[in-house]
Amino acid sequence: MKGQLITLEGIDGSGKGTVAQYIASRLRETMPERKLVLTAEPTTGQAGRMLREELARPGGEDGEPSTAMRMQELFLFMADHAYHLSETVIPALNSGAIVLSDRYADSTAAYQGVTLRGIVPDPVCWIQNISRPWNVLPDMTILLVLDPLAALKRLRSRPGRDKFERQEFLQHVDGNFRRMAALEPERFVQIDAAQDAEKVGNAAMDAILRLLERC
């Protein structure tokens, strides 16, 4: 049986982690015969650990990062994604599993596409083109859409702050996600993340079940 790759995307505060856990629980109940692998990016690999440490630093702590630092961050994300593919995603798909990933390559394009503005032309497309030859395209991407201001209000209750958690930055990231979804409507399923968490989870689950029925 062919495995399926389903990814969850959205800006910080859109509820991806909560929805991922909800979907995983529902899938285990409704399809106990299918192996499920719940995973995430950044990973727990070496590059992923470095990224998590970097992301935990408040934005602007050392002023604007240099072009070299921005490129270094991009390629750390790509190295972590390559590790994720080789160690988790591809083996699980080959075994016939359903792989559910909280963030994936689209997050790298959306976020680093903002970071690299003014450095390369059309940075989102540039990043996607670099990874396209070796990436594994998801069968479905659930995009949780939420106004950045509402997302930041949610994030205030969390301990610590991610360096990307700034309104202007998240507005640009949100725009990148929406443009990607508009260009690939057959892959992206957009869900209003301002709804009650259970409604968001049920909408995502309905879309996933429709996908699995076709496979």
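The values are calculated or read from the model by the stated rules, or taken from the named source; none is laboratory data. In this text the structure is predicted, and so the values were computed from the model without any measurement. When we count neighbours, we look across all protein chains shown, and the Cβ atoms used for this are built from the backbone with ideal geometry, even at glycine.
Determine whether GLN190 is of a type outside the set (Gly, Ala, Ser), closer than 18 Å to ALA20 by Cβ and in contact with a helix residue (DSSP H, G or I) (Cβ under 6 Å, 6 or more places away or on another chain). Answer is yes for this residue.
Residues are listed down the side, and each one gets a yes or a no for (1) surrounded by 14 or more Cβ atoms within 10 Å (Cβ to Cβ); (2) charged (D, E, K, R); (3) touching a Lys or Arg at 6+ places or on another chain (Cβ under 7 Å):
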| site | (1), (2), (3) |
| --- | --- |
| GLN21 | yes, no, no |
| ALA24 | yes, no, no |
| PRO42 | yes, no, yes |
| GLN46 | no, no, no |
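Each row is one residue, and each column tells you yes or no for (1) more than 27 Å from GLU53 (Cα to Cα); (2) crowded, with 17+ Cβ neighbours inside 10 Å; (3) polar (S, T, N, Q).
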position: ARG117; (1), (2), (3): no, no, no
position: ASP122; (1), (2), (3): yes, no, no
position: ALA181; (1), (2), (3): yes, yes, no
position: GLY201; (1), (2), (3): yes, yes, no
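The single residue among GLN167, GLN195 that is surrounded by 13 or more Cβ atoms within 10 Å (Cβ to Cβ) and more than 23 Å from ALA82 (Cα to Cα) turns out to be GLN195.
Within this structure, ASP174 passes the test of being of a type in the set (D, E, K, R), at pLDDT 95 or above and in contact with a helix residue (DSSP H, G or I) (Cβ under 6 Å, 6 or more places away or on another chain). Of all residues in the stretch 154-167, those satisfying the criterion of being assigned to a loop (DSSP other than H, G, I, E, B), touching a residue at least 12 places away in the same chain (Cβ under 8 Å) and not acidic (Asp, Glu) are GLY160, ARG161, LYS163, PHE164, ARG166.
Among residues of the stretch 68-83 that are on the phi < 0 side of the Ramachandran plot, none has a Cβ under 7 angstrom from a residue that is assigned to a helix (DSSP H, G or I) and aromatic (Phe, Trp, Tyr) at a sequence gap of 6+ or on a separate chain. Might you check whether a residue that is surrounded by fewer than 20 Cβ atoms within 10 Å (Cβ to Cβ) and in a loop (DSSP other than H, G, I, E, B) occurs anywhere in the stretch 144-153? The answer is yes, given that some residue of the stretch 144-153 is surrounded by fewer than 20 Cβ atoms within 10 Å (Cβ to Cβ) and in a loop (DSSP other than H, G, I, E, B).
Within the stretch 89-136, being under 25 Å from TYR22 (Cβ atoms), assigned to a loop (DSSP other than H, G, I, E, B) and more than 13 Å from the chain's Cα centre (by Cα) holds for SER95, GLY96, ALA97, VAL136.
For the stretch 17-63, a residue qualifies if it is modelled with pLDDT under 90 and in contact with a Gly (Cβ under 7 Å, 6 or more places away or on another chain), and exactly one does: ALA56.
Among the residues of the stretch 94-127, just one is aliphatic (A, V, I, L, M) and out of contact with any helix residue (DSSP H, G or I) (no Cβ under 8 Å at 6 or more places or on another chain), namely ALA97. Within the stretch 94-118, the set of residues being among the aliphatic types (A, V, I, L, M) and either modelled with pLDDT under 95 or touching a strand residue (DSSP E or B) at 6+ places or on another chain (Cβ under 6 Å) (or both) comprises ALA97, ILE98, VAL99, LEU100. Within the option set LEU170, LEU116, being touching a Lys or Arg at 6+ places or on another chain (Cβ under 9 Å) and touching a residue at least 12 places away in the same chain (Cβ under 8 Å) holds for one residue only, LEU116.
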